[in-house]
Each structure stands twice: as C-alpha cells, then as structure tokens.
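Take a look at the structure below.
The values are calculated or read from the model by the stated rules, or taken from the named source; none is laboratory data. Remember, predicted model here, so these are calculated numbers, not experimental data. Note: ideal-geometry Cβ built from the backbone for every residue, glycine included; neighbour counts use all protein chains shown. SASA here: full protein model, heavy atoms, side chains in, ligands and nucleic acids out. Shrake-Rupley method; radii C 1.70, N 1.55, O 1.52, S 1.80 Å.
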Amino acid sequence: MMSEQKDRKNPFFFPYHTPHDVAPFDRIRLEDYEEAFMEGIRREDEQIDKIVNDPCKPTFDNTIISIDDEKDGEGYYDLLDRVSSVFFNLLSAETNDEMDALAQKLSPVLTKHANDIRLNEKLFERIKYVHQHHRKLTPEEKMLLDKCYDGFVRSGALLDAAGKERLRQLTEEASMLGLQFSQNLLKENKAFTLHITDESQLDGLPETAREAAALAAKEMEKEGWVFTLDYPSYSPFMTYSTQRDLRRQMYMAKNTECIHDNSENNLDICKRLINLRRELAQLLGHKTYADYVLKHRMAGNVRNVYKLLNDLIVAYKPTALKEMAAIEKMAKKTAGRDFKLEPWDIGFYSHKLQLAKYNLDAEMLRPYFELSKVIDGVFGLANRLYGITFKENKDIPVYHPDVKAYEVFDKDGSFLAVFYADFHPRKGKQGGAWMTEYQGQWIDRKGENVRPHVSVVMNLTKPTQEKPALLTLGEVETFLHEFGHSLHGMFANTRFESLSGTNVWWDFVELPSQFMENFAIEKEFLRTFAFHYQTGEPIPDELVERIIRSRNYNVAYACMRQVSFGLLDMAYYTKKEPFTDDIIPFEKKAWEKAMVTEQLSDTCMTVQFSHIMAGGYAAGYYSYKWAEVLDADAFAVFKKEGLFNPATAQRFRDCILSKGGTENPMVLYKRFKGGEPTIDALLKRNGIKGVKKRRSKKK
C-alpha cells in the first residue's frame with residue numbers, strides 16, 4: 001500500500017489518456033488539487049515572465065495571443081486551467097467538507113495570482129502598446145485585443161500603487177465572502193428536513209411525491225417519509241399538501257435560510273459584498289457597481305435596465321393582480337370567506353384554480369415525461385434542427401453514478417463535443433441548474449480545432465424503487481434551458497477560447513437557453529418523446545391542447561416575480577454611498593413596486609440570492625427578462641419560417657450559436673433576424689394586450 005502511494009502520480013500533471021482527453025475523475029484524489037494548483041500558478045507566472053521579458057517589440061502575436069493562449073501544444077501551460085475547471089465544477093456539483101475547506105484555503109491564493117497578472121505594470125505596458133500600434137487585425141482579433149486591454153483596465157491597471165493595493169484587498173475579500181456565501185447556503189439547505197411518520201399527514205400528496213419521500217427517508221435510515229428543500233421535494237409538497245401547518249413550516253424553512261443566529265447567517269456577508277463591489281467600482285472611476293457592470297452589456301446603462309423593468313411592470317402588473325385575485329377567490333371559495341391567503345397557500349390554491357380552469361396539473365403529465373424518453377426527445381430535437389447526434393460512452397469517466405457522458409457528432413459525422421448530464425439532487429450538490437465546461441473550444445497554433453467538454457447540472461426528480469424518474473413539464477423546460485446553453489458551448493467555432501461558446505455579454509447569454517424552452521409545448525416536439533412510461537401510449541392530443549391553453553396561466557405573476565428580483569439587484573448595486581441599511585426591510589422596499597402579494601417581515605431572499613451575491617449576476621439579473629425579449633423574438637422567426645426549418649436553424653447556429661463573443665451581440669442578432677428585436681413577440685406570446693404603443697427596441 002505504501003509503495004502504491006509512493007509510486008502514484010498526480011493525474012493533472014500528465015496526458016490523461018482518456019477518450020477525447022476528458023478529465024479522469026476516477027483517478028483524481030483530494031490531495032491532487034493543491035499540488036496541481038500551486039504548480040499551475042508557478043508555470044503561469046513563468047509564462048508571464050517570458051512575455052514581459054521578451055526583448056522583441058510587443059505585437060499582437062507575441063503578447064495578446066500569448067496571454068490568451070497559455071497552452072503550448074504539449075499541455076504544459078494549461079495546468080492551472082485543467083485543475084481549476086475540475087475543482088470548481090465539483091465544488092458545486094459534488095463537494096464535501098474537505099473540498100470546502102480547501103476552497104477557502106486556495107481562494108486568496110488564486111485571487112492574488114489573478115491580481116498579480118492583471119496589475120503587472122510591465123505586462124500592461126506591452127498590451128497598451130499593442131492596443132495603440134498593431135497590424136491589421138481580423139474582427140475576431142480586434143475583439144480579443146479590445147477585451148484584453150479593457151479587461152486589464154477594468155481590473156485596475158491604470159490605478160496608482162495605493163489604488164492597486166486597495167483593489168487587491170477588495171477582490172481577495174470579495175472572493176472569500178462569495179465562497180462563504182455559497183457554502184453557508186448549501187449547508188442551510190441540506191440541514192433542514194421535514195420528517196413525517198404519520199401517514200395521514202401526507203394527505204393530498206401525489207404518489208410520486210410520497211415515493212420520493214419514502215426513498216429519502218430510507219437513504220437517511222429513518223422510518224416514514226422525509227421532505228427536503230430541494231426543488232423536486234419542496235415544490236410538490238407546497239402544491240399538493242392539504243396540511244397547511246406543514247406547508248407553512250416548509251415555506252418558512254425555505255425563506256429564512258441563512259438569516260438564523262448561527263454560523264451560516266449571510267446577512268453581514270451580503271452587506272459587505274455590496275459595499276466591496278461599490279468601492280471597487282468607484283475605485284475604477286464609476287459612480288456605482290451597476291455602471292461598472294453595464295458598460296459591457298447590451299443594456300448599456302442603468303437607465304435602460306430600469307426602462308425595461310418599468311415597461312414590464314406597466315404591461316404585466318395589472319394582469320398579475322387579476323391573477324392573484326382569482327387565486328384568492330378560489331381559496332375563499334374552498335376554505336371560507338374569512339380565509340386569509342398566506343404565501344404558503346399560493347401554490348396550493350393556484351393549483352386548484354388551474355385544475356378548475358384547464359383540468360391540468362403537473363402530475364397528469366409526469367407519466368409522459370420519463371427521463372430517458374425526455375433525453376431522447378431533447379437529443380432528437382437537436383438532431384432535427386442541426387443534424388447532430390449523441391452517443392453515450394461509458395468509457396468516459398464521470399464523477400458520480402448519476403452522471404451520463406455522451407460523445408456528440410456533427411451532421412457530417414465529425415466529432416463535435418463531449419456532453420455530460422448530471423440529473424438529480426444529492427447531499428454535496430448546490431440547488432438549481434446550470435451549464436458549465438470542463439474544456440472550452442479553440443483553434444490551437446497547429447490549426448487543430450480543439451472541441452469542448454460541456455456539462456449540464458440539474459436537480460430533477462429522482463427515480464424511486466417503484467418508478468423511473470418522471471419529470472414535470474417545468475423540469476422538461478429546465479432541461480431544455482440548460483441544453484440550450486450547452487448547444488452554445490458545443491457549437492463554438494472560434495479561434496480564441498476566451499471568445500468561444502458562452503463567453504458573451506451576460507444579457508445575451510440567456511438567449512440560446514431561453515429560446516430552447518419554447519419547444520416544450522410544441523405538439524410536433526412532444527409527439528417525438530412523450531409516451532406513457534407504462535403503456536407506451538403517446539400523450540393525448542386533448543392533453544396537449546390543455547397544456548397549450550394553460551401556457552399563460554399566471555404568466556404575469558411569474559413576470560412580476562422576475563422583475564422584483566431585477567429591482568432588488570439594481571437597488572443594491574446602484575448605491576453610491578456605503579450600504580448601511582438592514583437587509584430585510586431594504587429588500588421589502590426595493591422590490592415593492594413589482595409586488596402583487598403580501599410580504600412577510602421575517603423572510604429574506606437576498607441571503608440566498610446566489611445569482612447576485614456569488615454567481616456573477618450582480619447588477620445583471622435583469623438579463624433574464626432582457627433575453628426573454630430576444631428569445632420570443634427569435635422563436636417568432638422560427639414559427640414564421642418553419643419550426644424545424646433547417647435553413648433557419650443553420651442561420652441561428654451560424655449567426656449566434658457558433659460565434660461566441662467574437663462580435664457585438666446586437667450585430668449577431670440582427671444578422672440572424674435581419675432587424676432589431678422588439679417586445680411585441682413576447683407580449684403576444686404571453687397574451688398581454690393593450691400595450692402595443694409601448695413598443696421598445698433594444699439599442
């Protein structure tokens with residue numbers, strides 16, 4: 001055993017010898033990470049020194065390309081990239097206490113290393129020289145040069161010595177606090193369970209929810225049923241349980257995460273993060289952090305963001321108020337005229353109203369959305385649109401048995417990408433859903449097109465002992481959403497990795513993902529995979545019609561919820577003065593304009609709002625609504641030209657999906673559509689009327 005340990009080699013340091021050079025998850029151990037990180041930092045420092053001390057005059061090739069592409073063709077300078085992609089992806093998808101501790105140890109080291117590069121005066125002088133004196137560049141080369149130069153400026157390259165030192169302090173502290181925020185939220189989420197031993201307390205819950213709860217209890221070695229705050233457990237409970245006290249218990253557990261008097265409290269962390277970002281932006285010459293962020297967004301400035309959010313409030317809030325009034329009316333009809341509707345009642349009575357209006361609920365659809373068939377359907381959609389095919393390869397190592405790995409082939413049969421899919425919730429996994437990469441796409445110096453390794457990570461309903469994984473329509477939409485992101489990554493076809501795939505402006509990145517969600521209720525798509533998991537019968541046309549008729553059920557309420565999050569985000573990051581308010585009352589006031597339900601004084605969203613605190617969406621949450629305008633507009637083109645029109649799909653691929661961040665996103669979009677997007681298609685899709693005059697074009 002000692003000999004084996006002595007002879008063992010760190011897999012990050014050598015060729016992987018795996019299919020398509022994928023990460024060898026089966027050979028990586030915890031102790032490998034720190035060693036690889038430290039050596040990766042040393043090698044990258046060595047490469048930067050070579051660039052800085054190059055006696056030749058700075059050029060685009062010997063400076064900008066050398067910074068962007070630190071891979072020498074033999075895998076030497078990609079070590080830090082290699083280990084970072086594996087470690088930080090698993091930190092979200094399959095972490096444990098030891099990895100969390102290592103992340104806290106490494107965070108300041110990595111932030112210091114990044115700052116050392118960005119604040120290297122000699123390096124910036126070379127970049128600045130190239131920015132002012134360069135050969136004729138292609139549009140993609142010019143984009144890389146501008147991104148490189150501006151990236152250094154936005155990271156403090158123009159600051160004096162005192163400013164640079166302060167920036168180091170701000171970024172290192174923000175990095176640590178963002179990590180702590182995420183770790184606290186995961187611990188709080190996993191700490192709560194609702195343990196039921198009295199079967200009568202399961203009243204109203206569908207069989208799928210009961211079976212999943214029984215399986216969760218068995219996994220925890222408990223009797224009875226266990227419900228958690230993971231979406232596949234929480235959502236059905238809040239929708240179907242007749243036990244109002246238990247619904248309240250679940251709701252309050254979910255909405256008070258990280259505000260308790262314990263070590264996982266995020267209130268002070270959020271306040272500090274807001275102030276750190278404000279100070280960083282002002283140090284770099286911007287009035288607010290939002291001004292700093294929006295300089296590189298399609299929205300362009302704070303005014304345009306608020307215009308979008310306010311236009312949506314004007315268009316949707318009247319309908320949202322009517323939707324809530326209808327739910328309250330249903331509650332009083334069911335529970336008595338003196339009944340007071342509380343937040344933990346909304347899902348329950350909304351479901352009852354949906355059932356009354358459309359004779360439809362999520363459980364009716366589950367039998368037709370068996371996971372393996374949904375996978376076939378989603379892959380089949382990609383094949384029909386773009387001609388690509390997926391083939392599971394069990395020789396590709398994965399980091400958990402839930403994960404499936406596929407080889408993706410283009411329509412000409414050539415290898416396109418590796419695609420990982422991680423479907424179900426578990427102990428060491430963050431909530432929500434996301435797309436990520438273990439390797440980006442680029443064209444190396446020998447001209448080889450290095451293909452990407454992309455992954456989607458979700459928290460979909462798990463299989464039970466009695467049934468396979470049966471999804472809701474919402475979960476199918478989640479799969480399509482993340483798959484849309486993955487297509488953006490898989491179709492990447494750019495020269496430089498930092499411009500490929502999803503490396504685009506943040507209010508453009510959600511277009512490919514939200515675009516794919518549109519297919520979820522299209523008959524032609526549903527008929528390709530929606531078969532009853534027991535009988536094999538296709539989903540009835542009449543049921544599909546009910547889905548289509550109910551597509552806009554509570555759509556305005558959902559819109560106002562998203563707008564409220566956007567308002568909250570902007571309220572924090574448009575602060576010009578130090579933020580000293582108490583988070584909870586500030587939150588209530590910030591989003592009040594979009595609220596259509598009563599707010600509780602002892603709940604808080606901010607402390608679990610990962611997007612804007614730890615997920616890169618600070619001053620950018622409006623992006624989902626901005627991109628929704630784009631996705632509705634783009635899908636209208638497909639509806640007009642043919643839902644599966646190969647020419648339209650190829651144009652979408654060529655103009656948007658394969659181009660990454662090589663050009664301004666509006667230029668790419670206009671090239672696809674032939675004109676600018678308008679809000680009209682979104683309003684039409686959502687059935688919102690009487691607002692035609694509020695036509696709004698993106699500038």
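Can you tell me the FRET efficiency between Arg210 and Val52 if r is taken as the Cβ-Cβ distance and R0 is 51 Å, rounded to the nearest 0.05?
Details: r = 64 Å, r/R0 = 1.26.
Calculated value: 0.20.
What is the sum of charges, Lys and Arg at +1 and Asp and Glu at -1, for the other residues whose Cβ falls under 9 Å from the Cβ of Gln608?
Details: positive: Lys254; negative: Glu188, Glu257.
Residues close to Gln608 contribute a combined charge of -1.
How big is the stretch 569-663 in terms of Cα radius of gyration and Dmax, in angstroms?
Computed over the Cα atoms of the stretch 569-663, radius of gyration and Dmax are 19.4, 55 Å.
Leaving out ligands and nucleic acids, and using a 1.4 Å probe, what accessible area per residue does the stretch 115-201 come to in Å²? Display every interim value, and only then the final one.
Values: 4230 Å² over 87 residues.
Heavy-atom accessible area per residue stands at 49 Å².
What number, in percent, do you get for the relative contact order of the chain if the mean sequence gap of Cα pairs under 8 Å and at least 6 apart is divided by its residue count?
Values: 1054 pairs, mean separation 105.7, N = 699.
The value is 15 percent.
To the nearest 10 degrees, how steep is helix 161-191 against the longest Cα principal axis of the chain, on a 0 to 90 scale?
On a 0 to 90 degree scale, this one is about 30.
Using unit Cβ charges (K, R positive; D, E negative) and no other charged atoms, how large, in debye to the nearest 20, is the dipole of the stretch 336-420 about its Cα centre?
Working: 11 positive and 13 negative charges, 61 e Å.
With only Lys, Arg, Asp and Glu charged at Cβ, the dipole is about 300 debye.
Limiting things to C-alpha atoms, what are the Rg and the maximum Cα-Cα separation (Dmax) for the stretch 222-329, in angstroms?
Rg and Dmax of the stretch 222-329, Cα atoms, are 20.7, 60 Å.
Cut-off under 16 Å on the C-alpha distance; same-chain residues fewer than 8 positions from Lys164 excluded. Which lysines are left, in chain and number order?
Lys112, Lys122
With the full set of protein chains in place, find how many percent of the accessible area of the chain is carbon and sulfur; take the probe as 1.4 Å.
Values: 15240 of 30130 Å².
The value for the chain is 51 percent carbon and sulfur by accessible area.
Where the only charges are on Cβ atoms (+1 Lys, Arg; -1 Asp, Glu), what is the dipole of the chain about its Cα centre, to the nearest 20 debye? Display every interim value, and only then the final one.
Values: 98 positive and 104 negative charges, 694 e Å.
Charge dipole, the chain, about its Cα centre: 3340 debye, nearest 20.
Where only protein heavy atoms count, and the probe is 1.4 Å, what is the accessible area per residue for the stretch 571-699 in Å²?
Values: 5560 Å² over 129 residues.
Accessible area per residue: 43 Å².
What is the extension gain from Ala162 to Ile117, computed as 0.36 nm multiplied by their sequence separation minus the C-alpha to C-alpha distance, in nm to one decimal?
Details: separation 45, 0.36 × 45 = 16.20 nm, distance 1.69 nm.
So the extension gain works out to 14.5 nm.
Multiply the residue gap between Lys105 and Glu466 by 0.36 nm, knock off their C-alpha separation, and tell me the result in nm, one decimal place. Mind showing how you got there, number by number?
Working: separation 361, 0.36 × 361 = 129.96 nm, distance 4.38 nm.
Roughly 125.6 nm would be gained on extension.
Among Val83, Leu215, Val374, whose Cα projects farthest towards the positive end of the dipole of the chain, with charges put on the beta-carbon of Lys, Arg (+1) and Asp, Glu (-1)?
Farthest towards the positive pole: Val374.
Between Phe644 and Lys9, what is the label-point separation in nm under the 7 Å Cα-to-beta-carbon projection?
Distance between label points: 4.9 nm.
Find how many whole Å separate the alpha carbon centroid of the stretch 100-177 from the alpha carbon centroid of the stretch 27-49.
Their Cα centres are 20 Å away from one another.
So how tilted is helix 121-132 from the main axis of the chain? Cα-based, degrees 0 to 90, rounded to 10.
Helix 121-132 sits at roughly 90 degrees to that axis.
Suppose accessible area is computed on protein heavy atoms with a 1.4 Å probe; arrange Lys404, Lys640 from highest to lowest. If you can, show how the numbers build up before the last one.
Values: Lys404 70, Lys640 180 Å².
Output order, biggest surface exposure first: Lys640, Lys404.
Please report, in cubic angstrom per residue, the volume enclosed by the convex hull of the alpha-carbon atoms of the chain. Display every interim value, and only then the final one.
Values: hull volume 122.1 nm³, N = 699.
Convex hull of Cα atoms, per residue: 175 Å³.
In Å², and per residue, what accessible area does the stretch 358-469 have when probed at 1.4 Å with the other protein chains present?
Values: 4390 Å² over 112 residues.
Averaged over the residues of the stretch 358-469, the accessible area is 39 Å².
Using a simple spin-label model with points 7 Å from Cα along the Cα→Cβ vector, what separation in nm is obtained for Glu173 and Lys357?
Label-label distance for Glu173 and Lys357, simple model: 4.9 nm.
Would you give the gap between the C-alpha center of the stretch 379-426 and the C-alpha center of the stretch 466-526, rounded to a whole Å?
For the stretch 379-426 versus the stretch 466-526, the Cα centre distance is 13 Å.
Which of the peptides 543-551, 342-350 is most tightly packed, and how do the rest follow, going by the mean number of other Cβ atoms within 10 Å of each residue? Can you show the working numbers first?
Working: 543-551: 16.2, 342-350: 20.1.
Taking the mean over residues of other Cβ atoms within 10 Å, the ranking is 342-350, 543-551.
Note down the nm distance, to one decimal, between modelled labels 7 Å out along Cα→Cβ at Leu137 and at Leu600.
Result for the modelled spin labels: 5.3 nm.
For the chain, find the longest principal axis of its Cα atoms and tell me its angle to the long axis of helix 371-386, 0 to 90°, nearest 10.
60 degrees
Measure out, as a whole number of angstrom, how far apart the alpha-carbon centroids of the stretch 194-242 and the stretch 587-637 sit.
29 Å
Give me the extension gain from Asp198 to Lys128: residue separation times 0.36 nm, minus the current Cα-Cα distance, reported in nm with one decimal. List each step's numbers first, then the result.
Details: separation 70, 0.36 × 70 = 25.20 nm, distance 7.03 nm.
Between Asp198 and Lys128, full extension yields an extra 18.2 nm.
Which value at 222 nm does the chain reach when only helices count, each DSSP H run of 4 or more adding -39,500 (n - 2.57), with the total divided by all residues and rounded to the nearest 500 deg cm²/dmol? Numbers along the way, then the final one.
On the way: 27 runs with 364 residues, N = 699.
Result for the chain: -16500 deg cm²/dmol, rounded to the nearest 500.
If you average 1/r across every pair of different Cα atoms in the stretch 453-582 and take the reciprocal, what Kirkwood value do you get, in Å?
On the way: mean 1/r = 0.0548 Å⁻¹.
Evaluated over the stretch 453-582, this radius sits at 18.2 Å.
Step through the residues of the stretch 564-577 one at a time and calculate ³J(HN,Hα) from phi using the Karplus curve (6.51 cos²θ - 1.76 cosθ + 1.60, θ = phi - 60°), rounding each to whole Hz and writing x for Gly and Pro.
Calculated HN-Hα couplings, in order: 4, 5, x, 5, 4, 4, 5, 4, 5, 9, 9, 5, 9, 9 Hz.
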